[in-house]
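Written out below as structure tokens is the structure these notes cover.
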Amino acid sequence: MALWCVTRKFRRDLNVRDGFLLVVLAWSVLPLFAAIPIYTQLGIGFTHAYFEAVSSLTATGATTLAQIDNLPPSINLWRHLTIWMGGMGLIVLAVAILPMLGIGGRQMFKAEIPSPMKDTKLTPRIAQTAKGLWLVYVGITSLCALAYHQAGMSIFDALCHAFSTISLGGFSTHDANFAYWNSPKIEGIAIFFMLIAGMNFSTHYIALTGRDLRTYLRDPEILWFLGVLLASVLLITFYLWGFQVYDTSTNTLRHAAFNLISIATTAGFTNADYSQWPFFAPLWMLFLCSFVSCSGSTGGGIKMMRAVLLYKQVYRELLRAMHPNAVHPVKLGGHSVPQNMLFAVLAFSFIYMVSLVAITLTLSFSGLDIVTAFSAAVASLNNTGPGLGQVGPGGNYAALNDPQIWICTFAMLLGRLEIFTLLVVLTPAFWKK
Amino acid sequence: MERFFPVFRALGLLLSMFSLTLLIPLAFAHILGDGAESAYDIAFSLPWVAAWRSGASPGNSGAT
């Protein structure tokens, strides 16, 4: 309020650099405010309160809190409300409102929306786009809450879990998470809505406004998304069944499907301690979470579109090695992908890998065992939440010391802002006139 | 520094809007009486206290 009052005479359209700075400032400063109720009510340290708030607003779902069942209901509501707002991006909401107040939002939107195709516009005006996306977001959340309530959740739990599901956050109002209900019906609803939330919201918008469900079939990213998840569920089900982890095949499929889709889409709900499963299964789930979610969804990671483009580019290089003079354009959905986009995807993937290695090494250097360090880095950078080892579903981030918590907090912000947005502000060139 | 003022203006607006969302759990806490009312009172009033402390008001342009 003070900031706005002092600077309210300085009106001009925001340029690209302003957009980057605003997004980074917003995602660093908003958690300070979001942390106040947690800090003052629960009496936890500032580091843990800020971590909790960043985890909420980045839709990560990592927590340091224990005995969640005993939290005041309003604190639980606040945690889930912030995770819901963070899921789609508070900035997108602001873009829908700020133009009415005389602030252009195009640059903010470009910096914030989680997609490799940031210039894609659904409607001519950016504010209309943001409003459309939010309407879809609110509509799907409402349907999810109704479905949860119908399946047996209380109204409060249904609302909180709908917030957490559609944002792919993974917070729960119970320590036991979805195991609290032990209900295949509720888990089925969660799987359905996690899949919906893992798809591009622009596709939902186009499908709903055009009233044409074939839109989903025309989106190659969604087909890859569903294909990879289906294949992975079958793989992990057979793998767990081979080790006789569960007594029946139905039970194996149920637990494999729920936990895999939850972790892969970066939601982070659990109905079992999957860290007790044979090691390949949780490792595969963590691998998936780094790329499965679609661009323009509420999920984290490098996004399926980038992964598909990387795969196609590698395949093209193989063809080029065999036929050096042939022209092999990289195509997606029948369209040639511009070379500059391929370079951007390569650069992003490189910086993503560098960030992942750097965070893992830093956490390891700080004293964490390698499984915890690596999984915490993956789970934080991809905004997933639970990892393995000390930060697995059987424990939480309270096992980490303050410097380790700060590293994970930074990783969550880095992942949420798709690395470049944050790093670009830290370069000296950004601050030159 | 002045070149960042439009960014700070947008940020201030964003923070103000965000502080309004605290009203939802605040109302919820008051209705349920779950003991967390004061936490939201503090969180909600902080931006306004900050505004008052800075001497800013809607009538004060503050463009110095």
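Read-outs: derived from the displayed coordinates by stated rules, not from any lab. Keep in mind that what you see is a predicted model, and the values were worked out from it rather than measured. Note: ideal-geometry Cβ built from the backbone for every residue, glycine included; neighbour counts use all protein chains shown.
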Given the DSSP H assignment, sum -39500 (n - 2.57) over each helix run of at least 4 residues in the protein assembly as shown and divide by its residue total; what's the result at 222 nm in deg cm²/dmol, nearest 500? -20500 deg cm²/dmol
For the protein assembly as shown, how big is the tail of P(r) above 36 Å, as a whole percent of Cα pairs? 28 percent
Each label sits 7 Å from Cα toward the beta-carbon; between A:Asn325 and A:Arg211 the label points are separated, in nm, by 5.6 nm
Output the peptides A:419-432, A:342-355, A:391-404 sorted from most to least packed, where packing is the average of other Cβ atoms within 10 Å over each peptide's residues. A:391-404, A:342-355, A:419-432
Would you order A:Met341, A:Met85, A:Met285 from fewest to most other beta-carbon atoms within 10 Å of each residue's own beta-carbon? A:Met341, A:Met85, A:Met285
Under 29 Å, Cα to Cα: Lys pairs in chain A, sequence gap 8 or more or different chains: 27
Dipole of the protein assembly as shown (Lys/Arg Cβ +1, Asp/Glu Cβ -1, origin at the Cα centre): which of A:Pro324, A:Gly89, A:Gly170 lies farthest to the positive side? A:Pro324
Determine the shielding of peptide A:81-89 by partner chains: average, over its residues, the number of Cβ atoms on other chains within 10 angstrom of each Cβ. 1
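Which of A:Val24, A:Val138, A:Val292 has the fewest other C-beta atoms within 10 Å, and how do the rest follow up to the most?
Exposure proxy ranking, most exposed first: A:Val138, A:Val24, A:Val292.
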How much FRET efficiency would the formula 1/(1 + (r/R0)^6) give for A:Phe46 and B:His30, where r is the Cβ-Cβ distance and R0 is 22 Å, rounded to 0.05? 0.25
Inter-chain Cβ neighbour average for residues A:40-50, partner chain, 10 Å: 2
Which of the DSSP-defined H helices in chain A satisfy a minimum axial length of 18 Å, computed from C-alpha atoms, and a minimum mean Kyte-Doolittle hydropathy of -1.0? A:16-42, A:73-88, A:126-151, A:184-197, A:220-242, A:249-264, A:304-322, A:339-365, A:402-416
Put +1 on the Cβ of every Lys and Arg and -1 on every Asp and Glu Cβ in region A:302-411; which of A:Ile351, A:Gly367, A:Phe410 then has its Cα farthest towards the positive end of the dipole? A:Ile351
Listing A:Asp18, A:Asp69, A:Asp273 from the residue with the fewest other Cβ atoms within 10 Å to the one with the most, what is the order? A:Asp69, A:Asp273, A:Asp18
For A:153-161, what's the mean count of beta carbons from other chains sitting within 10 Å of each residue's beta carbon? 0
